[in-house]
Amino acid sequence: MHLRPAPLLPLLLLASLHAAPARARQAVPDTLERRVAACTSCHGSQSAPAPQPSSGPNYYPRIAGKPAGYLYNQLHNFRAGRRQYPLMTYMVEHMSDDYLREIATWFSTQHVPAPVLARSSLPAGQLERGHELVTRGDATLKVPACIACHGQRLT
């Protein structure tokens, strides 16, 4: 009589079924901190500050501590297409108003310290142009002064 080796696939399936209950017990807690992990990877959190502008070409605003209503409106505008940034639109397009409010409220209660940025090494002409835009804007380009919304201290 010739014995054939047992097929490998049924043994693998049996082993995976045996291991499934152990994996199920390692459930990830459903906390808001976990749910906003994708948000904090760019916008920062108390345990992980946002990436520095000098570390790459992208700049992600610090939204911790901003008013909940303001944050909700920005999220709502991304979802409605009034603000354009594909990654943000993708992240919020399926979220309900209540969930957007919950995220906005969570970020409004966070207090992430502002990073200390290195002094700029830009040429004087570029620095002056930046100062102009911040303080006066550019009417020909329809760019309002930054201080018009953010105040003299740019907060």
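The values are calculated or read from the model by the stated rules, or taken from the named source; none is laboratory data. Fair warning: this is a prediction, and the values are worked out from it, not measured in the lab. Because the Cβ atoms are built from the backbone with ideal geometry, glycine has one as well, and the counts that use them run over all protein chains shown.
Tabulated data for the structure shown
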item	result
Qualifying residue in region 75-83 (condition: touching a helix residue (DSSP H, G or I) at 6+ places or on another chain (Cβ under 8 Å), surrounded by 13 or more Cβ atoms within 10 Å (Cβ to Cβ), within 25 Å of Pro113 (Cα to Cα) and modelled with pLDDT of 95 or more)	yes
Check on Leu133, part of a helix (DSSP H, G or I), surrounded by 14 or more Cβ atoms within 10 Å (Cβ to Cβ) and touching a His at 6+ places or on another chain (Cβ under 9 Å)	no
Residues of region 77-90 classified as part of a helix (DSSP H, G or I) and either within 16 Å of Glu33 (Cα to Cα) or basic (Lys, Arg) (or both), total	1
Index of the failed condition, Ala118 passing every other in (1) part of a helix (DSSP H, G or I); (2) modelled with pLDDT under 95	(1)
Only listed residue being in a loop (DSSP other than H, G, I, E, B) and either crowded, with 16+ Cβ neighbours inside 10 Å or at pLDDT 80 or above (or both), chosen from Ile103, Ile63	Ile63
Unique match (being in the same structural domain as Arg62 (by TED's automatic domain parsing), surrounded by 11 or more Cβ atoms within 10 Å (Cβ to Cβ), within 24 Å of Tyr70 (Cβ to Cβ) and out of contact with any Lys or Arg (no Cβ under 6 Å at 6 or more places or on another chain)) among Val143, Val112	Val112
